[in-house]
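Taken together, the values in this text are just the output of simple stated rules run on the coordinates, not laboratory data. Since we're looking at a predicted model, the values are computed, not measured. Cβ coordinates were reconstructed from backbone atoms using ideal geometry, including for glycine residues, and neighbour counts include every protein chain displayed.
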């Protein structure tokens, strides 16, 4: 697993030895970030530049690290698994990005209040877990998402998903087994 683009392009990221974490494929990650920075969801500007981003169900931290590589100022990683948290911290250390990354152990469906909201959020819950919608509602309620924040959710291709009422779907794409749904906070 490697960083796809930006200042750390091609740098290897440590991946889990077991299947407890399902990292987003390089192809899906590249497509996700192309859409975030160049697609219609971007509204003609790169929303990552100097942004505070949120990587929820962070796993390896690859999404937040990719955002940092592409110009985000800060990435906050929310993850509850201790082994995954250690993996994120190692990946940040390896890249010299400890200052830009804030790693928080929490259940995304019951997060603590945010210190500051993020303008971009990426959620990659376990497939078919049904956790995306409750996590979105909880993150919004606890101040993790700024008004008009851009949010991506990775789901399994056929997985049911209805976003909470404060979110509007702006795009949706399929990549192999994955489906990416892009939302805006209303």
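If I model a spin label as a point 7 Å beyond the Cα along the Cα-Cβ vector, how far apart are those points for residue 86 and residue 30 in nm?
That separation, rounded to one decimal, is 3.3 nm.
Calculate the length of the line joining the C-alpha centroid of the range 70-102 to that of the range 121-177, in whole Å.
Cα centroid of the range 70-102 versus Cα centroid of the range 121-177: 21 Å apart.
So which residue, out of 119, 69, 129, gets the largest mean-square fluctuation from a GNM of the chain using Cα contacts under 10 Å as springs?
Result for the chain, Cα springs under 10 Å: 129 fluctuates most.
Tell me, what is the FRET efficiency for residue 15 and residue 157 to the nearest 0.05, using R0 = 30 angstrom and their Cβ-Cβ distance as r?
0.85
Full extension from residue 148 to residue 73: what is 0.36 nm times the residue separation minus their Cα-Cα distance, to one decimal in nm? Working shown, then result.
On the way: separation 75, 0.36 × 75 = 27.00 nm, distance 1.84 nm.
Additional length available on full extension: 25.2 nm.
Mind giving me the FRET efficiency for residue 172 and residue 98? R0 is 45 Å, r the Cβ-Cβ distance, nearest 0.05 is fine.
Calculated value: 0.80.
Based on the alpha-carbon gyration tensor of the range 120-186 and its eigenvalue square roots a ≥ b ≥ c, which shape applies: rounded if a/c is under 1.5, prolate if not and a/b is larger than b/c, or oblate?
prolate
Using a simple spin-label model with points 7 Å from Cα along the Cα→Cβ vector, what separation in nm is obtained for residue 7 and residue 45?
Distance between label points: 2.1 nm.
What ranking, highest mean first, results for peptides 40-50, 94-104, 76-86 when packing means the other Cβ atoms within 10 Å averaged over each residue?
By packing density, highest mean first, the sequence is 76-86, 94-104, 40-50.
Using the Cα gyration tensor of the range 3-132, with a ≥ b ≥ c the square roots of its eigenvalues, what is the shape: rounded (a/c below 1.5), prolate (a/b larger than b/c) or oblate (neither)?
Rounded.
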